[in-house]
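Below is one structure; the comments refer to it alone.
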Amino acid sequence: MERWLALELASTIRHDGDGGVADDLASVEGVTRWVEAQAESLSGQVRIRELSVDEALRSEIVALRQAVRALFARAVSPAPPSPADARRLMPVEEALAYLNSVAARESVVPQLDWPSDGAPAVRLVSAEGDPTVRLLAALARAAVDFLSGPHRNRLRACSAPRCVRYFVKSHGRQEWCKPSCGNRARAARHYQRQRHATDGGPAAS
């Protein structure tokens, strides 16, 4: 299954399974666990074993997530954004400026590789020694790549009751981020139809 680092970051705000919202980045320990879980996506960009997460880094990652979710909300418009932060979204211009400034913290330069038995290829090389800078810049660049790429047009906010996730639509009729959300949404619709029928009002479509 394809994964996008920007979407993984946005999805650290999620339904807690009990009617509320959970934040996977609410503590330094939570951020550490989340970063370690992204090791494959960050491979070649961040040396995770050298990274020490503290409150300052946690705050910066949370701020970056706010910017990403604000831009995700813009991407799904005119459909409604995730209800988790619909009333307190970072202004779009502020989100753009913050995302671009974080992406610019790490300077990378192209280097040409041309093995004797293969085709030439370009790789990006960084001279940045601080792993926290590299992590933040990598997360920001992932969001830049996602929002400027073709997947942005298939980004949706899940419309199931209580769900706060964004997802990339994988087929034409997909309405929800996962099957359990679809089951919950259908059950809610059924309940509404039954209630309208019991009350003598028009049935919901």
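Treat every Asp and Glu Cβ in the chain as -1 and every Lys and Arg Cβ as +1, leave all other atoms uncharged, and give the resulting dipole magnitude about the Cα centre to the nearest 20 debye.
Dipole of the chain, to the nearest 20 debye: 1260 debye.
Could you work out how far the C-alpha centroid of the stretch 17-90 sits from that of the stretch 124-175, in angstrom?
Using only Cα atoms to place each centre, the spacing works out to 10 Å.
If you add up the charges near E175, with Lys and Arg at +1 and Asp and Glu at -1, over every other residue whose beta carbon is less than 9 angstrom from its beta carbon, what do you get?
Details: positive: R156, K169, R173; negative: none.
So the environment of E175 carries a net charge of +3.
About the Cα centre, and with charges only on the beta carbon of Lys, Arg (+1) and Asp, Glu (-1), how big is the dipole of the stretch 95-180? Nearest 20 debye, please.
For this selection, approximately 740 debye.
Using just the helices of the chain, give the 222 nm mean residue ellipticity in deg cm²/dmol: DSSP H runs with n ≥ 4 each add -39,500 (n - 2.57), and the total is spread over all residues, rounded to 500.
-14500 deg cm²/dmol
Residues with beta-carbon under 13 Å from that of S107, excluding S107: net charge, scoring Lys, Arg +1 and Asp, Glu -1?
0
Placing +1 on the Cβ of each Lys and Arg and -1 on the Cβ of each Asp and Glu in the chain, which of S43, W176, P150 has its Cα farthest towards the positive end of the resulting dipole?
The one lying farthest along the dipole's positive direction is W176.
Against the longest principal axis of the chain, how steep is helix 131-147, in degrees 0 to 90 to the nearest 10, with axes from Cα atoms?
50
Ranked highest first by average number of other Cβ atoms within 10 Å, how do 161-167, 49-55, 91-97, 107-113 line up? If you can, show how the numbers build up before the last one.
On the way: 161-167: 20.1, 49-55: 12.3, 91-97: 13.9, 107-113: 10.0.
Descending packing order for the listed peptides: 161-167, 91-97, 49-55, 107-113.
Along the charge dipole of the stretch 54-139, Cβ charges K/R +1 and D/E -1, which of S116, P131, P83 sits furthest on the positive end?
Result: P83, furthest along the dipole toward the positive end.
Tell me, what is the FRET efficiency for R88 and R152 to the nearest 0.05, using R0 = 22 angstrom and their Cβ-Cβ distance as r?
The calculated FRET efficiency here is 0.45.
If the only charges are +1 at each Lys and Arg Cβ and -1 at each Asp and Glu Cβ, what is the size of the charge dipole of the stretch 41-86 around the Cα centre, to the nearest 20 debye? Show your work: numbers first, answer last.
On the way: 6 positive and 5 negative charges, 37 e Å.
Charge dipole, the stretch 41-86, about its Cα centre: 180 debye, nearest 20.
Just grab the label-to-label distance for A79 and D18, each label 7 Å out from Cα along the Cβ direction, in nm (one decimal).
3.0
Since every read-out is calculated from the coordinates, none of them should be taken as a lab result. What you see is a predicted model, and the numbers here were worked out from it, not measured in a lab. Glycine gets a Cβ as well: all are built from the backbone with ideal geometry, and neighbour counts include every protein chain shown.
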